[in-house]
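First the structure, in the form of structure tokens, and then the observations on it.
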Amino acid sequence: VSVTLHGWRHSLYTQAALVVLAEKGVGCDVADVDPFADPQAALAAGHPFGRVPVLQHGAFRIYETQAIGAYVDAAFAGSALTPEAPKARARMVQAIALFDAYGFAPMIAQHYAHAVFAPHRGEPADPAQAASGLTAAQRVCLALEEIAAEGLVLAGPLTLADCHLGPMLRAFALSPDGATLMATCPALDARRREVSARESLRRICLPVTD
Ligand SMILES: N[C@@H](CCC(=O)N[C@@H](CS)C(=O)NCC(=O)O)C(=O)O
């Protein structure tokens, strides 16, 4: 049964899903869908909100990156990316959920997009967006630092939280201001470096100019 990920190589949610697939050792085709250039293509790929990624496994289609990760982890052999212990499992879900709810918009859509991605690609960037994203990112980094320092997840064995946050934190720290903020969160920053160095991320997280 074939596996296809509909996504865009610069989409960090697409990268997060690809990291899960890579860490599970699941081979997949990538169907290129740039939701910003072609919103219709993302709708056609099966995402009712016109975003990426969308996973297709045979006749089964699923969107929302956390759901894709949980499905791939449960449906395929390979090392488990979900802890057995209830507290660690709950922390993993919490880290992903809090990042999606409070982290992605300021850290990625505002700060990374306007401080790193757009300027490096010669696209219009708004420094005010970059600045307000950085301010809002402080609370998110502190919340994730508390989780990493506790050590149930974002420490020890790789979990879905590392796959989800890995490409995001790597991207955020490409900005000098982002890196400076991350450095105030030692457990989180150490984990960010460790996960960024994995073979999967080195292959999947491309330079912004590619
Ligand atoms: N909640 C979604 C978010 C996906 C998402 O926001 N993807 C971005 C790219 S990283 C996107 O497709 N944006 C297109 C748009 O906002 O029009 C998930 O978890 O997969």
Test: residue in segment 64-72 that is touching a Gly at 6+ places or on another chain (Cβ under 9 Å), within 12 Å of the ligand (Cβ to nearest atom) and not hydrophobic (A, V, I, L, M, F, W, C): no
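Which residues, taken from segment 52-74, are hydrophobic (A, V, I, L, M, F, W, C) and either touching a His at 6+ places or on another chain (Cβ under 7 Å) or farther than 17 Å from Asp29 by Cα (or both)?
Pass one, segment 52-74, residues hydrophobic (A, V, I, L, M, F, W, C): 52, 54-55, 59-60, 62, 67-68, 70, 72, 74.
Selection gives Val52, Val54, Ala67, Ala70, Ala74.
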Selected residue (criterion: farthest from the ligand (Cβ to nearest atom)) from residues of segment 145-158 that are surrounded by 20 or more Cβ atoms within 10 Å (Cβ to Cβ) and in a helix (DSSP H, G or I): Ala148
Unmet requirement for Arg51, which otherwise passes all of (1) among the charged types (D, E, K, R); (2) within 12 Å of the ligand (Cβ to nearest atom); (3) not in a loop (DSSP other than H, G, I, E, B): (3)
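In contact with a Leu (Cβ under 6 Å, 6 or more places away or on another chain), in contact (Cβ under 8 Å) with a residue 24 or more places away in the chain and of a type in the set (Asp, Glu): does that describe Glu150? So that I can check it myself, show each step before the final result.
Numbers: in contact with a Leu (Cβ under 6 Å, 6 or more places away or on another chain): no; in contact (Cβ under 8 Å) with a residue 24 or more places away in the chain: yes; of a type in the set (Asp, Glu): yes.
Considered against the rule, which asks whether it is in contact with a Leu (Cβ under 6 Å, 6 or more places away or on another chain), in contact (Cβ under 8 Å) with a residue 24 or more places away in the chain and of a type in the set (Asp, Glu), Glu150 comes out as no.
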Enumeration of residues in segment 71-103 that are part of a helix (DSSP H, G or I), more than 25 Å from Ala136 (Cβ to Cβ), touching a residue at least 24 places away in the same chain (Cβ under 8 Å) and within 18 Å of the chain's Cα centre (by Cα): Val72, Asp73
Enumeration of residues in segment 1-19 that are within 12 Å of the ligand (Cβ to nearest atom), assigned to a strand (DSSP E or B) and of a type outside the set (A, V, I, L, M): His6, Gly7
Options Ala22, Ala41, Ala37, Ala31: the member that is in a strand (DSSP E or B) and small (Gly, Ala, Ser): Ala31
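Okay, residues lined up against (1) at pLDDT 95 or above; (2) over 14 Å from Cys185 (Cβ atoms); (3) within 16 Å of the ligand (Cβ to nearest atom); (4) of a type in the set (Asp, Glu):
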{"position": "Val93", "(1), (2), (3), (4)": "yes, yes, yes, no"}
{"position": "Phe99", "(1), (2), (3), (4)": "yes, no, yes, no"}
{"position": "Gln110", "(1), (2), (3), (4)": "yes, yes, yes, no"}
{"position": "Gly122", "(1), (2), (3), (4)": "yes, yes, no, no"}
{"position": "Ala136", "(1), (2), (3), (4)": "yes, yes, no, no"}
{"position": "Ala143", "(1), (2), (3), (4)": "yes, no, no, no"}
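The values are calculated or read from the model by the stated rules, or taken from the named source; none is laboratory data. Note that the structure is a prediction, hence the values are computed from the model and not measured. Please note: Cβ atoms are built from the backbone with ideal geometry, for glycine as well, and neighbour counts cover all protein chains shown.
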